[in-house]
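Novice: Take a look at this one; I'll ask things after.
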Amino acid sequence: MRAMTRLTIALLLGASASAALAQAAPSAADVAQATDILKKSIAFPTVEGRGQVPAYAAYLASVLKAGGFADSEISITPVGETATLVVTFPGKRADKPIVLMGHMDVVEANPADWTRDPFVAVEEGGYIYGRGSEDNKFDVSVIVATLAQMRKAGFKPGRTLILALSGDEETHMATTKLLAGQLKGAELALNGDGGGGLLSADGQPVYYGLQAGEKTYADFAITVTDPGGHSSAPTGSNAIYRLGKALARLDAYHFLPQINELTKASLEAAAREVGGDLGAAMARFAADPTDAAAADRISQEPEYIGQVRTTCVATMVNGGHAQNALPQRATANINCRIFPGVTIPSIRDTLVRVIADDSATVTILDDPTSSDASPLRPDVVKAVNRAVHARYPKLQVSPNMSAGATDGLHFRALGVPTYGVSSLFQRAEDGFAHGLNERIPVNGIAPALAHWRSLLTDLAK
């Protein structure tokens, strides 16, 4: 038998170390570290306007440096009062990298409304309370802990891993756009701010959602103007009445049903879980997207309507300038969640047609970005199934499309397949992201570490 070279031996030893690391359960010290990172993360009030994101990024960088990352592998880039954090875990090959995504900012929280200080982590009754504990500092903390622990243990990825944390996902996404532009050549991105598992009220696993797409977020302003006049002399061109009629027409309109690879798979899986007439409608629509009756039945459910069509809804109204004057202007904000692949200008054209008022203007607000769904890559699906089944062996992994927006949309828009693979499992009644008394279950931290360790070992090998 020919003697093995030193390189061959080193590669075999590296592969063995990687396999052993993937299979080993997180130690008590690993769990304690991740818990500590999360608690310290909550203490940074990374809301818009407080300028705390750079300090939080520096803290996370210090954790990674302690795990063995070099200064040259870590970059904090200020963007206004916020920042990005980019960390490179060099791979052994020159393949395209895998991006690991999350966001460091959180929404505002008024301490007067909370039972506990939102920016002081409190562990109580099996939960850790605090703003951002779920969205998105749970997965950010677990990813950072995982990278530090894997680096310290000697793991060497075959494909380079790049941690890319944004600083204003909850508001303007300027940092997201910057990161997406810098990393648009990546092989794929794993997003800790999408997907995740659902537990029943008694803590049993229900399903795991692999997010492979999200609807485009866009706001439109419908504005009606009029010369106005004295309120004692009403006219037939009242701007508020005309706007009201336009909104009534929009309320009665339903966008045409749509389907793609992702929503087809999601509806097929949901049909088996939901059952009854709703489940039957899901199965029929997945088999025949022209079945309008099935689409209408699905659309009766607020949590599912967004899976089969674009939705547009009035969210704000502003009109008039004085109590004793006819209104000179009336404006409504229309918030649309647009099916992947549909352009924003085409939705504006539809709104113009539906409101049917030539005197009204419809304006696209801000600078929304649209993206298509990511393909269901077999390697990603296999890796996610492996990570989830290590925790719950028989649990169904269901591809899904999010009705909300995350950083992932900007990466998808630039051609990077992006997948929401959050490690968090929780009950529906425990989900308080953006709300009061946000919390996560403490016993979810250990399996979350195993989840990310499994994903990175499989996909970066």
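Novice: Which Cα, out of Asn437, Thr457, Ser422, lies furthest along the positive dipole direction of region 409-461 (beta carbon charges, K/R +1, D/E -1)?
Specialist: Thr457
Novice: With an 8 Å Cα cut-off and a minimum separation of 6 or more residues, compute the relative contact order for region 232-308 in percent. Spell out each step's value before the answer.
Specialist: On the way: 52 pairs, mean separation 18.1, N = 77.
That works out to 24 percent.
Novice: Shifting gears a bit: Under 5 Å between amide hydrogens, which residues at least 5 positions from Leu188 or on another chain qualify, with H placed 1.01 Å from N in the peptide plane?
Specialist: Here the answer is Val99, since their amide H atoms fall under 5 Å of that of Leu188.
Novice: Once you charge only the Cβ atoms, +1 for Lys and Arg and -1 for Asp and Glu, what is the size of the charge dipole of region 252-297 about its Cα centre, to the nearest 20 debye?
Specialist: Values: 4 positive and 7 negative charges, 5 e Å.
Magnitude of the dipole: close to 20 debye.
Novice: Going by a ≥ b ≥ c, the root eigenvalues of the Cα gyration tensor, does region 333-461 fall in the rounded group (a/c under 1.5), the prolate group (a/b larger than b/c) or the oblate group? Could the numbers behind the result be given before it?
Specialist: Working: a/c = 3.09, a/b = 1.88, b/c = 1.64.
Prolate is the answer for region 333-461, as a/c is 1.5 or above and a/b outweighs b/c.
Novice: Compute the relative contact order of the chain as a whole-number percentage, counting only Cα pairs closer than 8 Å that sit 6 or more residues apart in sequence.
Specialist: Relative contact order here is 24 percent.
Novice: Given the Cα-Cα distance of Arg116 and Gln328 and 0.36 nm per residue of separation, how much length would full extension add, in nm?
Specialist: That pair, Arg116 and Gln328, stretches by 71.7 nm at full extension.
Novice: For an R0 of 51 angstrom, estimate the FRET efficiency from the Cβ-Cβ distance between Tyr253 and Ala201 and round to the nearest 0.05. Let's see the in-between values first.
Specialist: Working: r = 37 Å, r/R0 = 0.73.
That pair, Tyr253 with Ala201, gives E of 0.85.
Novice: Right, something else. Given contacts defined as C-alpha pairs under 8 Å and at least six residues apart, what's the relative contact order of region 302-461, whole-number percent?
Specialist: On the way: 135 pairs, mean separation 29.2, N = 160.
For region 302-461, the relative contact order is 18 percent.
Novice: With a sphere of radius 14 Å drawn around the Cβ of Ala314, what net charge do the other residues whose Cβ falls strictly inside it have (Lys, Arg +1; Asp, Glu -1)?
Specialist: That works out to +1.
Novice: Pull out the extension gain between Ala314 and Arg386, defined as 0.36 nm times the separation in residues minus the alpha carbon to alpha carbon distance; nm, one decimal. Mind showing how you got there, number by number?
Specialist: Values: separation 72, 0.36 × 72 = 25.92 nm, distance 4.22 nm.
Full extension from Ala314 to Arg386 adds 21.7 nm.
Novice: For region 204-229 and region 339-383, compute the distance between their C-alpha centroids and round to whole Å.
Specialist: Region 204-229 and region 339-383 have Cα centres spaced 9 Å from each other.
Novice: Follow-up question, since we're still on this one. In deg cm²/dmol, rounded to 500, what helix-only [θ] at 222 nm does the chain give when every DSSP H run of at least 4 residues adds -39500 (n - 2.57) and the total is split over its residues? Write out the running numbers ahead of the final one.
Specialist: Values: 13 runs with 167 residues, N = 461.
Helix contribution divided over all residues of the chain: -11500 deg cm²/dmol.
Novice: Per residue of region 155-160, what does 6.51 cos²θ - 1.76 cosθ + 1.60 with θ = phi - 60° give for ³J(HN,Hα)? Whole Hz please, x for Gly and Pro, Karplus curve as stated.
Specialist: Residue by residue, region 155-160 yields 5, 10, x, x, 10, 4 Hz.
Novice: Heavy-atom accessible area per residue, region 252-395, 1.4 Å probe: how many Å²? Can you show the working numbers first?
Specialist: Values: 7510 Å² over 144 residues.
Heavy-atom SASA per residue in region 252-395 reads 52 Å².
Novice: Sticking with this structure for a sec: Using a Cα-Cα cut-off of under 21 Å, which lysines could be cross-linked to Lys394, ignoring same-chain neighbours fewer than 8 residues away?
Specialist: Leaving aside lysines fewer than 8 places away in the same chain, those within reach of Lys394 are Lys382.
Novice: Using DSSP, restrict attention to beta bridges with both residues in the chain and report what percent are antiparallel, rounded to the nearest 5.
Specialist: Details: 46 of 68 bridges.
The antiparallel proportion sits near 70 percent.
Novice: Something else: Go through region 94-101 residue by residue and turn each phi into a ³J(HN,Hα) via Karplus (6.51, -1.76, 1.60, θ = phi - 60°); whole Hz please, and just put x for glycine and proline.
Specialist: Here the 3J(HN,Hα) series is 8, 5, 4, x, 9, 9, 10, 10 Hz.
Novice: Still on this structure, please answer the following. Need one number: nm distance between label points at Val442 and Ala29, each 7 Å from Cα along Cα→Cβ, rounded to one decimal.
Specialist: Reported label-point gap for Val442 and Ala29 is 2.1 nm.
Novice: Would you work out which of Ala294, Ile344, Phe138 lies farthest towards the positive end of the dipole of the chain, given +1 charges on the beta-carbon of Lys and Arg and -1 on that of Asp and Glu, about the Cα centre?
Specialist: The Cα lying farthest towards the positive end belongs to Phe138.
Novice: Projecting each Cα onto the charge dipole of the chain (Lys/Arg +1, Asp/Glu -1 at the beta carbon, about the Cα centre), which of Met401, Leu85, Ser27 comes out farthest on the positive side?
Specialist: Ser27
Novice: Please identify the helices of the chain, taking whole runs of DSSP H, that span at least 24 Å along their own axis as judged from the Cα atoms and have a mean Kyte-Doolittle score of -0.5 or higher. It would help to have the intermediate numbers written out before the result.
Specialist: Working: long enough: 6-23 (26 Å, 1.31).
Membrane-span-like by this criterion, though nothing is claimed about a membrane: 6-23.
Novice: Shifting gears a bit: With +1 on each Lys and Arg Cβ and -1 on each Asp and Glu Cβ, how big is the dipole of the chain about its Cα centre, in debye rounded to the nearest 20? Don't jump to the answer; show the numbers that get you there.
Specialist: Details: 41 positive and 47 negative charges, 359 e Å.
Value, rounded to 20: 1720 debye.
Novice: State to the nearest 20 debye the size of the charge dipole of region 137-262 about its Cα centre, where the only charges are +1 on K and R beta carbons and -1 on D and E beta carbons.
Specialist: Details: 11 positive and 12 negative charges, 76 e Å.
Using Cβ point charges on Lys, Arg, Asp and Glu, region 137-262 gives about 360 debye.
Novice: Same structure, new question: Could I have the simple spin-label model distance between Ala221 and Glu124, label points 7 Å from Cα toward Cβ, reported in nm to one decimal?
Specialist: It works out to 4.3 nm between the two label points.
Novice: Right, here's the next one. Give a residue-ordered list of calculated ³J(HN,Hα) values for region 202-207 (Karplus: 6.51 cos²θ - 1.76 cosθ + 1.60, θ = phi - 60°; whole Hz; x for Gly, Pro).
Specialist: Values, residue by residue: 9, x, 8, x, 9, 6 Hz.
Novice: Loop-only check: which chymotrypsin sites (Phe, Trp or Tyr not before Pro) in region 227-286 are DSSP coil with at most 15 other Cβ within 10 angstrom? Working shown, then result.
Specialist: Numbers: sites: Tyr241, Tyr253, Phe255, Phe285; in loops: Tyr253, Phe255.
Within region 227-286, the qualifying chymotrypsin sites (Phe, Trp or Tyr not before Pro) (loop, at most 15 other Cβ atoms within 10 Å) are Tyr253.
Novice: While we're here: What is the Cα centroid distance between region 278-309 and region 237-267, reported in whole angstrom?
Specialist: 16 Å
Novice: Over the alpha-carbon set of region 243-350, work out the extent along each principal axis and list the three values in angstrom, largest first.
Specialist: Projected onto the principal axes, the Cα atoms of region 243-350 cover 58, 28, 18 Å.
Novice: Testing the spin-label approximation: label points 7 Å from Cα along Cα→Cβ at Val107 and Ile240. State their distance in nm.
Specialist: It is 2.9 nm.
The values are calculated or read from the model by the stated rules, or taken from the named source; none is laboratory data. Keep in mind the model is a prediction, meaning the values are calculated, not measured. Methodologically, a virtual Cβ is constructed for each residue, glycine included, from the backbone with ideal geometry; neighbour enumeration extends over all protein chains shown. Ligands, DNA and RNA are stripped out before the accessible areas are found, and what is left, the full protein with its side chains, is counted by its heavy atoms. Shrake-Rupley method; radii C 1.70, N 1.55, O 1.52, S 1.80 Å.
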